[in-house]
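Read the figures in this text as sums done on the coordinates, not as results from a lab. Note that the structure is a prediction, hence the values are computed from the model and not measured. Cβ: placed from backbone, ideal geometry, glycine included. Neighbour counts: every protein chain shown.
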Amino acid sequence: MNAITSQDLTLSYQDSVIIDQLDVSVPKGKVTVLIGGNGSGKSTLLKSFARLLKPQQGIVLLNGADIQRKATATVARELAILPQTPVAPEGISVRQLVALGRYPYQSWLQQWSDEDEAMVNRALACTGTLELADRPVDALSGGQRQRAWIAMTLAQGTETVVLDEPTTFLDLAHQMEVLELLRELNQKEQKTIIMVLHDLNLACRYADQILVVHEQTVYAQGVPKDILTEDLVKTVFDLNCRIIPDPFFDTPLCIPFGRERTE
Amino acid sequence: MLLSLMTGARWIPLSDVITAFIQPDTMNINHILVSSTRLSRTLMAVVVGASLAVAGVLMQALTRNPLASPGLFGINAGAAFFIILFSTLFTLTSLQAWLGCAFLGAALAGSLVWLIGNMGQGRMNPLRIVLAGAAMTALFSAFSQALLVVSQEGLDTVLFWLAGSLTERSLALVWPLMLLSVLALALALLCARQVNVLNAGEEIAIGLGQRLGLIRLLLGILIIVLAGSAVALAGSIGFIGLIVPHMVRKGLAIDHRWLLPGVALAGATLLLLADLVSRVVILPQEVPVGVMTALLGAPFFILLARRRGVRYA
């Protein structure tokens with residue numbers, strides 16, 4: 001069963017085509033990581049998965065139905081997106097931010113329910129932001145802020161969570177913290193996680209499946225062990241490297257060479 | 001509000017104000033003053049103050065720019081231009097025509113800015129709205145000045161109106177616009193949750209399932225109606241739409257469910273106070289209330305800018 005499927009998908013900004021006639025599927029209940037060079041279109045593809053970008057041609061199916069034709073509130077109950085480096089409104093508290101995640105469940109009549117309250121508290125608890133709940137978001141450190149945003153997407157209570165570079169601007173410890181949290185959510189609650197990451201080694205460690213975005217299409221797709229090869233890194237990133245098995249996790253470990261050294 | 005009914009070039013005792021409502025005496029000059037002019041003036045101050053402040057909050061949320069004010073939509077300049085244009089082309093006799101004219105100009109300028117902001121590829125760009133607003137303001141002001149140079153007789157009335165004033169107008173003339181404002185205010189209060197989500201940013205709002213285009217259109221219309229009728233009723237009164245939202249955010253809440261009613265109340269109070277002061281500082285004459293709000297607002301604005309500067313430094 002696939003969470004997201006694209007058919008004949010073409011994405012473009014103005015006249016430049018970013019993704020060209022792509023057919024790809026993202027399985028349910030797995031962690032899928034998109035990798036690729038700068039400007040390869042990873043983020044663009046991710047945006048189209050979350051209806052932030054309209055396809056120029058073709059369709060994106062979310063749980064089997066065209067995402068552009070579904071009511072946007074329905075989509076928001078099935079899929080949550082965390083864009084790259086979002087900016088919180090000035091002065092908003094963590095709890096208020098997380099509470100925004102319940103918007104898709106409210107209407108003019110139904111304002112704030114007990115379930116909303118429970119979901120917000122759960123999202124705060126499992127991201128470790130409960131004790132930060134009353135602090136303003138703009139006073140938090142980068143790692144705390146990112147956790148607050150993740151809590152907001154979790155409060156949405158969706159099966160699928162899409163994140164665009166959730167670890168940017170975080171130090172290594174905070175990167176690990178965020179990735180551990182996401183994997184835990186995947187394992188405990190069978191959430192489908194789709195995200196863009198830049199660090200190949202972390203991508204290999206945390207992904208069940210990797211999508212390599214290159215030359216306007218998905219260049220390769222599969223289990224990290226099978227697809228991350230020296231040739232692939234050379235083609236996609238124009239980088240010489242050696243791939244060895246990670247001594248602790250047995251996932252591929254990429255050791256990049258500089259220009260000086262090719263062997 | 002009672003104080004506002006009592007104060008003016010002629011001081012009316014409280015007892016007279018009360019009896020004017022309970023047992024109106026058509027021969028008593030004080031009673032006539034209260035019910036014919038002071039009452040409408042007070043109500044106007046309340047409605048205009050609330051409208052400007054609420055329009056300010058909505059504008060700041062729509063553009064995600066803390067320095068945005070309803071004037072940015074080119075609304076004041078549009079209204080001024082239309083008044084000057086029509087008063088030179090035709091002689092505007094009735095006040096009704098004046099009001100209609102100003103509202104029309106405000107609505108036209110606002111809609112133009114909205115259309116330009118939505119032009120081109122992609123979704124509405126808040127920055128483009130701000131730029132379009134600035135351009136439209138400059139354009140309409142230039143037209144107005146050109147017209148004023150050509151025909152000078154309209155200058156006096158227009159000048160008074162440009163400074164913003166709550167001159168006593170009879171309730172019979174202004175009630176349609178006031179009703180419109182009150183309806184728009186009520187609708188704005190109902191949109192509080194939507195504004196909260198919009199305020200979190202475009203991509204977040206879409207991700208949360210907000211119908212962004214629809215909400216932005218609705219807010220645009222509300223801003224044009226609120227600021228347009230305020231400017232038609234009382235001329236261009238500055239600073240209320242800019243300052244009051246910040247005051248209430250600091251003092252009350254940033255959640256729009258509290259913020260919106262809060263600013264409506266604070267805006268009404270502030271304009272009422274400014275109007276009271278403007279009536280008595282140089283008795284028996286009056287200072288235009290727009291001058292008063294600017295006097296009150298400018299120092300506060302500088303304070304605000306300094307505070308923010310310190311925080312971000």
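Order by neighbour count: B:MET119, B:MET44, fewest other Cβ atoms within 10 Å first, most last.
Details: B:MET119 11, B:MET44 25.
Exposure proxy ranking, most exposed first: B:MET119, B:MET44.
With q set to 0.11, 0.22 Å⁻¹, the log10 of I(q)/I(0) for the stretch A:1-123, from the Debye formula over equal scatterers at the Cα positions, is -0.48, -1.30.
Prolate is the label for the stretch A:151-263, because the ratio a/c of its alpha-carbon gyration tensor axes (a ≥ b ≥ c) is 1.5 or higher and a/b is greater than b/c.
Going down the table (A:LYS30/A:LYS234; A:LYS42/A:LYS70; A:LYS54/A:LYS234; A:LYS47/A:LYS225; A:LYS47/A:LYS191; A:LYS30/A:LYS188), which pairs top 22 Å between alpha carbons? Pairs exceeding the cut-off: A:LYS30/A:LYS234; A:LYS42/A:LYS70; A:LYS54/A:LYS234; A:LYS47/A:LYS225.
Projecting the Cα positions of A:LEU202, A:GLN187, A:TRP108 onto the charge dipole of chain A (unit charges on Cβ atoms of Lys, Arg, Asp and Glu, taken about the Cα centre) puts A:TRP108 furthest along the positive direction. Among B:PHE300, A:PHE169, B:PHE81, the order by Cβ neighbours within 10 angstrom, fewest to most, reads A:PHE169, B:PHE300, B:PHE81. May I ask for the distance between the Cα centers of the stretch B:250-288 and the stretch A:44-108, given as a whole number of Å? A separation of 39 Å, based on Cα centres.
Across peptide A:67-76, what mean number of C-beta atoms from other chains lies inside 10 Å of a residue's C-beta? Spell out each step's value before the answer.
On the way: counts 0, 0, 0, 1, 2, 7, 4, 1, 3, 5.
Across A:67-76, the average partner-chain Cβ count within 10 Å equals 2.
For chain A, rounded, prolate or oblate, judged on the Cα gyration tensor with a ≥ b ≥ c (square roots of eigenvalues), a/c < 1.5 rounded, else prolate if a/b > b/c? Since a/c reaches 1.5 but b/c is at least a/b, the shape of chain A is classed as oblate.
For the residues of A:99-106, the average number of beta carbons from a partner chain within 10 Å of their own beta carbon is 4.
For a quick check: sort B:VAL150, A:VAL218, B:VAL225 by the number of other beta carbons within 10 angstrom, fewest at the front. Intermediate values should be presented prior to the final figure.
Numbers: B:VAL150 8, A:VAL218 20, B:VAL225 24.
With the fewest neighbours first, B:VAL150, A:VAL218, B:VAL225 line up as B:VAL150, A:VAL218, B:VAL225.
Using C-alpha positions alone, give me the convex hull volume of the protein assembly as shown per residue in cubic angstrom.
It comes to 190 Å³ per residue, whole-number rounded.
Compute the Cα gyration tensor for the stretch B:177-313, then decide on rounded, prolate or oblate, letting a ≥ b ≥ c be the square roots of its eigenvalues: rounded whenever a/c is under 1.5, prolate when a/b is larger than b/c in the other cases, and oblate in all that remain.
Details: a/c = 2.56, a/b = 1.46, b/c = 1.76.
The shape class here is oblate.
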